[in-house]
Amino acid sequence: MKILVINGPNINMLGIREPNIYGKETYTDLLAKIQNYANERGIKLKMIQSNHEGVLVDEIQAAYKKFSGIVINPAAYTHTSIALLDALKAVGLPTVEVHISDVSKREDFRQISYIREACIATISGHGTDGYLEAIDILIEHKKKK
Ligand code: DQA
């Protein structure tokens, strides 16, 4: 099983950006945590991060027929991007939306997720463990198929 893990803008600043909201773990720590979890489960991963919406669209399109599922934290693009929603719908891969913080308890402008309707699940507010839960959801989803 091959999973694509996508992180959007400013996730590369983890550990530096608003640690009271996003925690002290760095992006490098996050990658190592996800990679170890996947290794223990025999899952292959590609992990990418970009601050550019078009690059994220390109990565989703390139996943078509190459990956069994996507874990995505689109960060701020969650709340703005119809292009990401359309890309996820286009490839039709099982996708789990992840947010490190609990967006439901934050500003009004974070209450909209354009991508949610293309996702089989959303995990919000579980810190970086949310990425691991998302992998579990994709594993279970594949078993049911
Ligand atoms: C985020 C929440 C978003 O609202 C924000 O723009 C982010 C990170 C999260 O992981 O909690 O950059 O997706």
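Side notes on the structure shown:
- Residue list for segment 94-105, filter: touching a residue at least 24 places away in the same chain (Cβ under 8 Å) and outside any helix (DSSP H, G or I): 94, 95, 96, 97, 98, 99, 100, 101
- The single residue among 65, 144 that is at pLDDT below 95, surrounded by fewer than 16 Cβ atoms within 10 Å (Cβ to Cβ) and more than 28 Å from residue 26 (Cβ to Cβ) turns out to be 144.
- The number of residues in segment 110-145 being part of a loop (DSSP other than H, G, I, E, B) and within 15 Å of the ligand (Cβ to nearest atom) comes to 10.
- Which listed residue is modelled with pLDDT of 95 or more, within 11 Å of the ligand (Cβ to nearest atom) and assigned to a helix (DSSP H, G or I), from 32, 87, 76: 76
- Taking segment 1-29 as the range and being under 24 Å from residue 119 (Cα atoms) and either within 12 Å of the chain's Cα centre (by Cα) or acidic (Asp, Glu) (or both) as the test, the residues that pass are 3, 4, 5, 6, 7, 8, 9, 11.
- Members of segment 35-73 found to be of a type outside the set (Lys, Arg), in a strand (DSSP E or B) and either over 21 Å from residue 100 (Cα atoms) or more than 11 Å from the chain's Cα centre (by Cα) (or both), listed by number: 45
- Selection within segment 1-25 - under 22 Å from residue 137 (Cβ atoms) and surrounded by fewer than 15 Cβ atoms within 10 Å (Cβ to Cβ): 2
- Evaluation of residue 131 against the conditions (1) over 12 Å from residue 5 (Cα atoms); (2) buried (at least 18 other Cβ atoms within 10 Å of the Cβ); (3) touching a residue at least 60 places away in the same chain (Cβ under 8 Å); (4) of a type in the set (Phe, Trp, Tyr) shows that the sole unmet condition is (1).
The values are calculated or read from the model by the stated rules, or taken from the named source; none is laboratory data. No experiment lies behind these values; they were computed from the predicted model shown. In this analysis, Cβ positions are derived from the backbone assuming ideal geometry, glycine residues included, and neighbour counts consider all displayed protein chains.
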